[in-house]
Amino acid sequence: MAAFRIPEKTRIGHVVLGVTNLEESLRFWKDRLGFRAEPQEGEKAALLYPQKGAEWLLALKEDARLPQDEHSTGLYHVAFRLPSRKDLGRLFRSLSEAGMPIGGLSDHGVSEALYLEAPDGIGAEFYIDRPREAWTFSRGQLVMVTKPLESRRLLAEAEGPWEGMPEGTLVGHVHLRVSNLDKAKAFYNGHLGLSVTQKNYPGALFFAAGDYHHHVGTNIWDSRNAPPPPPQAAGLRRFSLILPAREDVESLKNRTLQSGYPIETLPAEGGFLLRDADRIAVGIEALP
């Protein structure tokens, strides 16, 4: 029997983070990075959007008392894909002029990325994809590397001012700290049907729907055999996979029930939620 594969047009939808101080987090995400914030009435929470976007990408909820523990499982970073290299250059110039610490500038072959650390030790990546025709393969596997990105060339493309997170920005992928790569593969590849796209990074596996470089990254660099974080710790509450149609959601739901995975409902989104071996919550939803 052929292995189950999630629909090719599946993508990451949004990410929900628990934080210790909403105002401090908004100074980072809204004031420094330029997301548009919509406070949630009746709770210490906000939804974050691109400047002209109709779909929220990030939710912040003040429900934590401790910063994220980098030696537990959970979020390694959330990665936002910008529309163009000019956008990445403008963001880099804006942050540099403001004296914002940059965690790294990397050329991954398939993409170019800028790394930051948000409050509570939460990792954030902002990147652009290289054209698909520039991606390379070796022995049937996508080649991904980590090399320094030349900052001068990036700044040279930064025409015009940074005016906030541009329309067309999406959550491109999430990278997770897991306790065991075999268990991560059994869940993200074996059950959810994401393809393994890269397995040559020591201590890491990358998964994707369709022919993308990755929608989900996993690593055990600091979390091999680690426990889940305590409930009061900041960090990832859930991320969502958006499937093309409600029929796809129902099909995966039935597969999940038949396999014995416990599920939880997501009434507001019309989907369901399940958890991997490290209790990381994944929402399964359909395109609106």
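Mind listing whichever residues of the stretch 212-235 are open to solvent by 30 Å² or more (accessible area, probe 1.4 Å) and either of a type in the set (Lys, Arg) or under 16 Å from the mean Cα position of the chain (by Cα) (or both)?
Quick first cut of the stretch 212-235, residues open to solvent by 30 Å² or more (accessible area, probe 1.4 Å) only: 221-222, 224-225, 227-232.
Hit for the stretch 212-235 is ARG224, nothing else.
Tell me whether the stretch 97-111 contains one or more residues that are of a type in the set (Val, Ile, Thr), open to solvent by 20 Å² or more (accessible area, probe 1.4 Å), out of contact with any Lys or Arg (no Cβ under 8 Å at 6 or more places or on another chain) and without any contact (Cβ under 8 Å) to a residue 40 or more places away in the chain. Outline the logic, then answer.
Going residue by residue through the stretch 97-111, those that are of a type in the set (Val, Ile, Thr) are 102, 110.
Checking the rest, the ones that are also open to solvent by 20 Å² or more (accessible area, probe 1.4 Å) come to 102.
From what is left, the residues that are out of contact with any Lys or Arg (no Cβ under 8 Å at 6 or more places or on another chain) are 102.
With without any contact (Cβ under 8 Å) to a residue 40 or more places away in the chain added as a condition, the list becomes 102.
Yes, the stretch 97-111 contains at least one residue that is of a type in the set (Val, Ile, Thr), open to solvent by 20 Å² or more (accessible area, probe 1.4 Å), out of contact with any Lys or Arg (no Cβ under 8 Å at 6 or more places or on another chain) and without any contact (Cβ under 8 Å) to a residue 40 or more places away in the chain.
Hey, any hits in the stretch 252-262 for a residue that's open to solvent by less than 60 Å² (accessible area, probe 1.4 Å) and part of a strand (DSSP E or B)?
Checked the stretch 252-262: no residue is open to solvent by less than 60 Å² (accessible area, probe 1.4 Å) and part of a strand (DSSP E or B).
Considering every residue within the stretch 169-178, establish whether at least one is touching a His at 6+ places or on another chain (Cβ under 6 Å) and without any contact (Cβ under 8 Å) to a residue 60 or more places away in the chain. Give the steps one after another, and end with the answer.
If we filter the stretch 169-178 for residues that are touching a His at 6+ places or on another chain (Cβ under 6 Å), which is where we start, we get 173, 175.
Retained after the next criterion (residues that are without any contact (Cβ under 8 Å) to a residue 60 or more places away in the chain): none.
Looking through the stretch 169-178, none of the residues is touching a His at 6+ places or on another chain (Cβ under 6 Å) and without any contact (Cβ under 8 Å) to a residue 60 or more places away in the chain.
Can you tell me which of (1) touching a Gly at 6+ places or on another chain (Cβ under 7 Å); (2) in a strand (DSSP E or B) is the one LEU114 doesn't meet?
Evaluating LEU114 over (1) touching a Gly at 6+ places or on another chain (Cβ under 7 Å); (2) in a strand (DSSP E or B) leaves (1) as the failure.
Identify the residue in the stretch 263-274 that is in contact with a Phe, Trp or Tyr (Cβ under 9 Å, 6 or more places away or on another chain) and open to solvent by 70 Å² or more (accessible area, probe 1.4 Å) and, among all such residues, is modelled with the lowest pLDDT.
Let us first name the residues in the stretch 263-274 that are in contact with a Phe, Trp or Tyr (Cβ under 9 Å, 6 or more places away or on another chain), namely 263-266, 274.
The next check asks that each one be open to solvent by 70 Å² or more (accessible area, probe 1.4 Å); those that pass are 264-265.
Working: GLU264: 93, THR265: 87.
Restricting to residues being in contact with a Phe, Trp or Tyr (Cβ under 9 Å, 6 or more places away or on another chain) and open to solvent by 70 Å² or more (accessible area, probe 1.4 Å), the top hit is THR265.
Among the residues of the stretch 178-198, which ones are touching a Leu at 6+ places or on another chain (Cβ under 7 Å) and buried (at least 17 other Cβ atoms within 10 Å of the Cβ)? I'd like the intermediate steps shown before the answer.
Here is the first cut: in the stretch 178-198, the residues touching a Leu at 6+ places or on another chain (Cβ under 7 Å) are 181, 184-185, 188, 196-198.
Those that are touching a Leu at 6+ places or on another chain (Cβ under 7 Å) and buried (at least 17 other Cβ atoms within 10 Å of the Cβ): ALA184, LYS185, TYR188, THR197, GLN198.
Condition first: closer than 22 Å to ASP182 by Cα, touching a helix residue (DSSP H, G or I) at 6+ places or on another chain (Cβ under 6 Å) and not in a strand (DSSP E or B). Can you find one or more residues in the stretch 231-239 that meet it?
No - not one qualifying residue is present in the stretch 231-239.
I need the full set of residues from the stretch 136-163 which are under 24 Å from VAL15 (Cα atoms) and surrounded by fewer than 19 Cβ atoms within 10 Å (Cβ to Cβ), in order please.
Initially, the stretch 136-163 is screened for residues under 24 Å from VAL15 (Cα atoms), giving 162-163.
The one that is under 24 Å from VAL15 (Cα atoms) and surrounded by fewer than 19 Cβ atoms within 10 Å (Cβ to Cβ): GLU163.
Residues in the stretch 57-89 that are open to solvent by less than 50 Å² (accessible area, probe 1.4 Å) and either modelled with pLDDT of 95 or more or more than 23 Å from ALA46 (Cβ to Cβ) (or both): how many? I'd like the intermediate steps shown before the answer.
Within the stretch 57-89, the first condition is being open to solvent by less than 50 Å² (accessible area, probe 1.4 Å), and the residues that meet it are 57-60, 64, 68, 72-75, 77-80, 82, 84, 87-89.
Add one more test, that the residue is either modelled with pLDDT of 95 or more or more than 23 Å from ALA46 (Cβ to Cβ) (or both), and what stays is 57-60, 64, 72-75, 77-80, 82, 84, 87-89.
Final tally of qualifying residues: 18.
Condition first: part of a helix (DSSP H, G or I) and either of a type outside the set (D, E, K, R) or under 14 Å from the mean Cα position of the chain (by Cα) (or both). Now tell me which residues in the stretch 240-251 satisfy that. Steps first, please.
As a first pass, look at the stretch 240-251 and keep what is part of a helix (DSSP H, G or I): 246-251.
Selection gives VAL249, SER251.
Strands (runs of 3 or more DSSP E) wholly in the stretch 1-103 with at least 2 residues that are closer than 30 Å to PRO227 by Cα and within 19 Å of the chain's Cα centre (by Cα) - which ones? Walk me through how you get there before you give the answer.
Working: elements: 11-19, 36-39, 45-49, 58-62, 74-81.
Qualifying strands (runs of 3 or more DSSP E): 11-19, 45-49, 58-62, 74-81.
Looking at (1) farther than 24 Å from LEU58 by Cα; (2) touching a His at 6+ places or on another chain (Cβ under 7 Å), find the lone condition where ARG153 falls short.
The number of the failed condition is (2).
Could you please tell me which pairs satisfy a Cβ distance under 7 Å, a separation of 6+ or placement on different chains, a first residue in the stretch 275-286 that is on the phi > 0 side of the Ramachandran plot and outside any strand (DSSP E or B), and a second residue that is open to solvent by 10 Å² or more (accessible area, probe 1.4 Å) and modelled with pLDDT of 95 or more?
ARG279/PRO228
From VAL78, VAL16, grab the single residue that is in contact (Cβ under 8 Å) with a residue 60 or more places away in the chain and over 25 Å from TRP162 (Cβ atoms).
Numbers: VAL78 fails: over 25 Å from TRP162 (Cβ atoms).
Result: VAL16 is the single residue among VAL78, VAL16 that is in contact (Cβ under 8 Å) with a residue 60 or more places away in the chain and over 25 Å from TRP162 (Cβ atoms).
The values are calculated or read from the model by the stated rules, or taken from the named source; none is laboratory data. What you see is a predicted model; the values in this text were computed from it and never measured. Methodologically, a virtual Cβ is constructed for each residue, glycine included, from the backbone with ideal geometry; neighbour enumeration extends over all protein chains shown. SASA here: full protein model, heavy atoms, side chains in, ligands and nucleic acids out. Shrake-Rupley method; radii C 1.70, N 1.55, O 1.52, S 1.80 Å.
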